[in-house]
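Worksheet: the structure to be examined is printed underneath.
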Amino acid sequence: MRSTSAATALAVLFSSAALSVVAAGTASAAATTVAGTGGLVVDGTLQRVFVGDAANGRILASDYNGTLVDLNVGFGSVSDLALSDDGTTLYAALPNTHQILALDPATLDVRKTYTIPTGTGPRHLAFAGGKVWFSYGDQWDGDLGSVDPAVDPASGADPVAMAQIPTEGTGSGMWGQALLDTDPTRPGLLAVGETGDSTGTEAVLDVSSGTAKVVAWHDTSYALNDGVRDIDLVSGADQVLVNGSDRHAYANGTLTQAGAYPTAWGGDVASNGMVAQFTPGKVAVYRPNATQPLRTYTVGSASDYTAAADVRWAPDSSRIFALAPAGGGTYTLKALTQPTLNVPTLTVNAPSSATRAKPLTVTGKISATVPLPTGVKLSVTRTDLDSPSGKALAAVTVRADGTYSFTDTPPAGGTVTYKVTYAGDTEHTAVSASDKVAVSRVATSLSLNNNGKLYNYGTDVKFTAHLGTTYKNRTVEIWADPFGGDKSKKLIKRGTVNSSGNIAAWVDMTRDTTVTAVFAGDSRYKPRTVKVTAYARVKVSTAVSRHYKTAKIGSTSYYWFHKNTDPLLTTTMTYYPGRQQRFDLQVYYQGSWYSADSEYFPIGTNGKSAVTLGAPGESGIRARMRSVYVNGSSGDSVNSTTYGAWKYLYFSN
């Protein structure tokens, strides 16, 4: 009892310690997973990705591989995140407690808490013009506010300013809590997208002075009356990207349709103007103003119609971070690498079968949505039984139409794999493809002796395998598989055959046994397996007791009993679970033996079975008995039928 209590106490202690580690935000090897998204920002200096967990009130930090490295908890709700221009402060919006937090990106410790005087927000965040901008309000009345980190509340000044949607030229203002976006290449500009109305007002505001001024305003979104789900300032152009697809140019105080990428659910614009957009099951990357994707990543199943929750470019455009659906309303952060490189399509077509040492031709094609360089060369590797690590063949040059072909004479039979690789270039990723060929091999002979032979229990039997002609491999394995489910197949010999092609192994025949010889084959000869089955009797003997003498009648020795004595006949037989012995009894009459009875009796775990034969009560009777193991009828089938010796009994006065 003391041991059990101590173990329980230790389990509780270690459990508590583990919980403390998580609460303190110690690094973990786990993936970064959230339930309900509450913002996604990337810090290029620290190479950290920050994710808000709206459902669980957490802020998580990931490395550039998507691995969780830090977290802070207990915020109740997190609706959005923003990073200061210098990367020294991370801001988080808490709509339920109506606060904006300023955190240290390196530790996720809270530095300051700003109380926002509203019952409807803050909801979305962006950092521009040295201030943190936030949206708040209800469906019918949305507005814009800001927090000035440079203002010290101790001075008596309020760092929070409300109601900053410009009134001039904005009509009825914004409905709902607007989406916000900024871009380092457009300092001081703020993109605003209405969420409370399906027609979707959108705007570009200049906030560089600390006060929002209208650069462009449009009362009805051009996003096909689908409303604004996402809005991004476009680097390198006076445009905003709406819903990851529609490009709207801003000039002369308004926004006009300027083109579109394929329809998406949302997206993000890189500092080089490239666009990452997400749709159910995938993230697609486009060059500026292109209509064909540069590359596409699979981030889920398109069939379940669940899209990624958000995507963000790394500041140096080296990768994209996507909150990919993980099931059950959760999302896992995925790092998508080499987003600026196009992925070629490469095919390899080899014949399904071929003859060894005869030429064969392999064909294929390489193509890409971004044109490949002229004269592309592909490396070729052949992997076979003689070259399991692969052998480099001559490189092949791609034709102008992208096709290629080469001829090879496979020296080895079996499965031969041809792998073709393009190393990539400044605009394309590396790509490989392969195909397999079944190359012919010659059959060889393999034999094994002793098939069908029957042996006494415990006989050591020599099984000899003979291997015919091969190329390099002269190794043979011999396996023994005793009958019965309690014993498994066992390797009893593995070695090289002698100069005559023979190899032998000894088997202790305690059960019927399947013996198998295996040749694994080599590069010119096929594998070969042969099986034989040899049989083993059980060990059986019978002891007679309660007799008063032994004496011969004729030439046969008898155990003599008084006519009123019960003979005790004890059989010893090889034990097996559930095994029974058959007790055969015969009586001698007028010169012949007649069967009196046959009955099965169980064998104990000690291998014994004792049977008492009733006393006949009269003299002059001769009888005999034997114990028999009957394959199948004795309760199992692991040995061959075995007859014990007759024991002769005589009853006198």
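The values are calculated or read from the model by the stated rules, or taken from the named source; none is laboratory data. Nothing here was measured: the structure is a model prediction, and the numbers come from that model. Cβ atoms come from the backbone with ideal geometry, glycine included; neighbour counts cover every protein chain shown.
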Inset, instruction - Determine which member of the set Lys487, Lys526 is under 37 Å from the mean Cα position of the chain (by Cα), at pLDDT below 95 and not hydroxyl-bearing (Ser, Thr, Tyr). - result: Lys487
Inset, instruction - Those residues that are within 15 Å of Pro288 (Cβ to Cβ) and in contact (Cβ under 8 Å) with a residue 60 or more places away in the chain, I need them from the stretch 241-269; list them, please. - result: Val269
Legend entry - One residue from Ala517, Ala480 being under 44 Å from the mean Cα position of the chain (by Cα) and over 26 Å from Asp636 (Cα atoms): Ala517
Inset, instruction - Being hydroxyl-bearing (Ser, Thr, Tyr) and surrounded by fewer than 16 Cβ atoms within 10 Å (Cβ to Cβ) narrows it down to one of Thr556, Thr542, so name that one. - result: Thr556
Legend entry - Residue list for the stretch 111-165, filter: part of a strand (DSSP E or B), in contact with a Leu (Cβ under 7 Å, 6 or more places away or on another chain) and either over 14 Å from Ala82 (Cα atoms) or charged (D, E, K, R) (or both): Arg111, Thr113
Inset, instruction - Determine whether the stretch 145-154 contains at least one residue that is modelled with pLDDT under 95, closer than 16 Å to Phe134 by Cβ, buried (at least 20 other Cβ atoms within 10 Å of the Cβ) and in the same structural domain as Leu81 (by TED's automatic domain parsing). - result: no
Legend entry - Residues of the stretch 340-371 that turn out to be assigned to a loop (DSSP other than H, G, I, E, B), buried (at least 20 other Cβ atoms within 10 Å of the Cβ) and not hydrophobic (A, V, I, L, M, F, W, C), as a count: 1
Legend entry - Cβ-Cβ under 7 Å pairs, at least 6 apart or on other chains, the stretch 508-534 side closer than 16 Å to Lys462 by Cβ, far side surrounded by 22 or more Cβ atoms within 10 Å (Cβ to Cβ) and among the aromatic types (Phe, Trp, Tyr): Val515/Phe463
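Working carefully through the options Thr409, Thr417, Thr397, find the one that is farther than 17 Å from Ser523 by Cβ and outside the structural domain of Ala504 (by TED's automatic domain parsing). Before the answer, list the steps.
Working: Thr409 fails: farther than 17 Å from Ser523 by Cβ; Thr417 fails: farther than 17 Å from Ser523 by Cβ.
Step by step, each of Thr409, Thr417, Thr397 is checked, and only Thr397 is farther than 17 Å from Ser523 by Cβ and outside the structural domain of Ala504 (by TED's automatic domain parsing).
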Inset, instruction - Answer yes or no: is there a residue in the stretch 251-272 that is acidic (Asp, Glu) and surrounded by fewer than 23 Cβ atoms within 10 Å (Cβ to Cβ). - result: no
Inset, instruction - State which residue is surrounded by the fewest Cβ atoms within 10 Å (Cβ to Cβ) when the search covers only the stretch 51-75 and only residues that are small (Gly, Ala, Ser) and in contact with a strand residue (DSSP E or B) (Cβ under 7 Å, 6 or more places away or on another chain). - result: Ala55
Inset, instruction - Please determine, by comparing only the residues of the stretch 598-653 that are over 60 Å from the mean Cα position of the chain (by Cα), assigned to a strand (DSSP E or B) and among the small types (Gly, Ala, Ser), which one is nearest to Thr565 (Cα to Cα). - result: Ser652
Legend entry - Counted residues, the stretch 560-597 - those being in a strand (DSSP E or B), under 18 Å from Gly617 (Cα atoms) and in contact with a Pro (Cβ under 7 Å, 6 or more places away or on another chain): 1
Inset, instruction - Please work out which one of (1) surrounded by 19 or more Cβ atoms within 10 Å (Cβ to Cβ); (2) of a type outside the set (Gly, Ala, Ser); (3) over 60 Å from the mean Cα position of the chain (by Cα); (4) not in a strand (DSSP E or B) is the condition Arg511 fails and give its number. - result: (3)
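Per-residue answers, yes or no, for (1) part of a loop (DSSP other than H, G, I, E, B); (2) of a type in the set (Val, Ile, Thr); (3) in contact with a strand residue (DSSP E or B) (Cβ under 7 Å, 6 or more places away or on another chain):
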{"site": "Ala237", "(1), (2), (3)": "yes, no, no"}
{"site": "His248", "(1), (2), (3)": "no, no, yes"}
{"site": "Ala309", "(1), (2), (3)": "yes, no, yes"}
{"site": "Asp316", "(1), (2), (3)": "yes, no, no"}
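Just to check your reading of the model, which residue among Ala128, Ala161 is in the same structural domain as Val51 (by TED's automatic domain parsing), free of Cβ contacts under 8 Å to residues at least 24 places away in the same chain and not polar (S, T, N, Q)?
Residue meeting the stated conditions: Ala161.
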Legend entry - Residue, farthest from Gly521 (Cα to Cα), within the stretch 369-393, restricted to residues that are among the small types (Gly, Ala, Ser) and at pLDDT 95 or above: Ser379
Inset, instruction - For the stretch 598-624, enumerate the residues that are farther than 14 Å from Leu569 by Cα, touching a residue at least 40 places away in the same chain (Cβ under 8 Å) and surrounded by fewer than 13 Cβ atoms within 10 Å (Cβ to Cβ). - result: Gly617, Glu618
Legend entry - Single residue of the stretch 392-433 satisfying the filter (over 30 Å from Thr337 (Cα atoms), part of a strand (DSSP E or B) and not aliphatic (A, V, I, L, M)) that is nearest to the chain's Cα centre (by Cα): Thr415
Inset, instruction - Could you please let me know if Asn564 is outside the structural domain of Asn450 (by TED's automatic domain parsing) and either surrounded by 15 or more Cβ atoms within 10 Å (Cβ to Cβ) or within 30 Å of Lys453 (Cα to Cα) (or both)? - result: no
Inset, instruction - Exactly one condition in (1) touching a residue at least 40 places away in the same chain (Cβ under 8 Å); (2) among the β-branched types (Val, Ile, Thr); (3) not in a strand (DSSP E or B) is not met by Thr97; state its number. - result: (1)
Legend entry - The one condition in (1) closer than 30 Å to Tyr575 by Cβ; (2) exposed (fewer than 12 other Cβ atoms within 10 Å of the Cβ) that Asn631 fails to fulfil: (2)
Legend entry - Index of the failed condition, Val283 passing every other in (1) outside the structural domain of Ala55 (by TED's automatic domain parsing); (2) part of a loop (DSSP other than H, G, I, E, B): (2)
Inset, instruction - Considering every residue within the stretch 291-298, establish whether at least one is at pLDDT 90 or above, out of contact with any Lys or Arg (no Cβ under 6 Å at 6 or more places or on another chain) and among the aliphatic types (A, V, I, L, M). - result: no
